[in-house]
Amino acid sequence: MDRQIVHMDLDAFYVNCTLLKMPELAGRPLIIGGISNRGVVTSASYEARKYGIQAAMPTRVALQRCPDAVVIKGDFDLFTQYSNIVNDIISERVPVHERASIDEFYMDMSGMDRFFGSLQFTNELVHRVQKETGLPMSFGLSVNKTIAKMCTNYAKPRGRLQISLNEVQPFIDPQSIRNLPSLGDVTYKLLRRIRIKIIQTLRQVPSDSMQELLGKDGLRLWEKANGIDNTPVIPCTNKKSISTEKTFDKDSQDLKELKALLLAMVEKVAFQLREGNLMCSTITVRIRYTNWDTETMQKKIAFTSSDEVLIPCAYELFEKLYQRRMLLRLIGVKLSGLVRGNQQIDLFQDNIKMIRLYQAMDRMKHRFKNPGLIRRAIGFSMFDHEIA
């Protein structure tokens with residue numbers, strides 16, 4: 001039996017959520033992102049994209065291309081609220097679905113076409129989302145996640161496309177390799193240098209050659225170019241939380257050292273989130289006094305895996321908890337409310353150099369399998385050896 005996989009994507013999600021809040025901006029070039037000249041574009045309306053404005057572009061460059069564009073700092077709480085509403089609508093109707101990111105969802109419809117057409121069902125579901133939220137949505141329906149996502153990207157905006165098994169290669173072969181999901185800039189430039197520009201050329205390269213060139217990633221890329229992707233739709237993560245804690249050899253009340261430890265802990269668990277392709281919606285800080293009294297406090301947040309978001313939250317919780325000024329014997333941090341998905345550029349005040357810095361740090365941590373390898377200088381403390 002052929003698989004029936006649907007990929008659903010909320011069109012220009014950040015922009016359209018903002019327009020629901022500020023409908024007077026409809027039809028104008030709109031940029032969501034950093035409002036300073038050092039900020040970056042998180043999302044752009046289709047009117048702004050006509051000027052070549054795209055995500056991750058410095059705001060100042062975007063404004064040079066379109067001086068009349070309106071720049072608004074993103075309201076991530078608003079985005080999370082609408083994402084949750086859409087997720088609830090899908091959950092009510094679909095037995096197996098995966099929340100791939102804040103604005104993307106996968107559904108496994110395999111076998112359901114015996115009762116009603118998968119295309120008709122998905123159409124009705126999209127209409128329901130649009131009716132209840134006012135948010136436009138595109139979707140692709142095909143034999144696996146890769147092709148379904150490519151269908152969605154091809155159909156945007158407000159589109160839908162179904163590709164059957166025997167249509168897969170004719171559909172993807174003439175497309176640029178850039179259109180393959182998860183193909184990064186470095187790999188794209190490498191393949192272009194060896195004159196691989198379209199998917200048909202890529203799939204004609206022997207699989208062992210691709211593996212020799214790029215390792216396991218090369219083999220996975222070759223499989224995608226050949227329409228092969230057995231990745232399942234995963235309803236939810238098996239992990240409920242990610243946490244770390246430290247019991248001190250000697251009780252302490254040195255605030256500088258305690259905060260340094262807390263920062264290093266957050267950096268550690270946030271990196272584990274990103275490594276697992278996860279985001280969290282709750283952060284919890286736990287302390288234990290020298291008399292064994294234990295206190296815990298948590299905070300709900302918009303989905304994130306960003307150090308820059310989580311560290312201030314951890315500090316805030318710690319300052320609210322630690323009121324007795326007694327010696328502490330333990331500190332712990334837990335991230336919960338996990339969903340699958342990569343952190344998008346939601347640090348609306350960050351500049352492009354900061355984003356690239358964090359990406360480079362993560363690559364080094366991943367390469368050496370050591371989340372404590374690189375961190376802020378303030379994160380080094382008397383407890384340093386326990387965090388690496």
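Any read-out appearing in this document is the output of simple, stated calculations on the displayed coordinates, not a laboratory observation. For clarity, every value in this text was computed on a predicted model and none was experimentally measured. Cβ coordinates were reconstructed from backbone atoms using ideal geometry, including for glycine residues, and neighbour counts include every protein chain displayed.
Details
- Taking Cα atoms only, the orientation of helix 145-155 departs from the longest principal axis of the chain by about 70 degrees.
- Shape descriptor for segment 66-189: Rg over Rh equals 1.01 (Cα atoms; Rh from the Kirkwood inverse mean 1/r).
- Highest-first arrangement of 306-313, 278-285, where packing means the average Cβ count within 10 Å: 278-285, 306-313
- Two-decimal ratio, segment 1-159, of alpha-carbon radius of gyration to 2.2 N^0.38 Å: 1.12
- Option label - Cα extents along the principal axes in Å computed here, alternatives (i) 71, 53, 40; (ii) 68, 55, 50; (iii) 62, 47, 44: (ii)
- Angle of helix 118-133 to the longest C-alpha principal axis of the chain, folded into 0 to 90 degrees and rounded to 10: 50°.
- Centroid-to-centroid separation of segment 197-261 and segment 279-318 [C-alpha atoms, Å]: 25
- Cβ crowding within 10 Å averaged over residues, with 131-143, 214-226 ranked highest first: 131-143, 214-226
- Each Cα pair under 8 Å and six or more residues apart adds its separation to the average, and for the chain the resulting relative contact order is 18 percent.
- Cross-link pairs exceeding 32 Å in C-alpha to C-alpha distance, out of LYS73/LYS246; LYS21/LYS246; LYS145/LYS259; LYS73/LYS320; LYS240/LYS320, comprise LYS73/LYS246; LYS21/LYS246; LYS145/LYS259.
- Among beta bridges from DSSP that stay inside segment 20-152, the antiparallel ones total about 75%.
- Within straight-line reach of LYS149, meaning a Cα separation under 25 Å, sit the following lysines at least 8 residues removed in sequence or on another chain: LYS50, LYS131, LYS189, LYS197, LYS216, LYS224.
- Between 0 and 90°, nearest 10: helix 255-275 axis offset from the chain longest Cα axis: 20
- Helical mean residue ellipticity (222 nm; -39500 (n - 2.57) per DSSP H run of 4+; nearest 500) of the chain: -12000 deg cm²/dmol
- Taken over segment 173-225, the ratio of Cα radius of gyration to 2.2 N^0.38 Å equals 0.96.
- The mean sequence distance of close C-alpha pairs (under 8 Å, at least 6 residues apart), as a share of the length of segment 173-225, puts its relative contact order at 38 percent.
- Relative contact order computed over segment 1-138 (Cα-Cα under 8 Å; 6+ residues apart), in percent: 32
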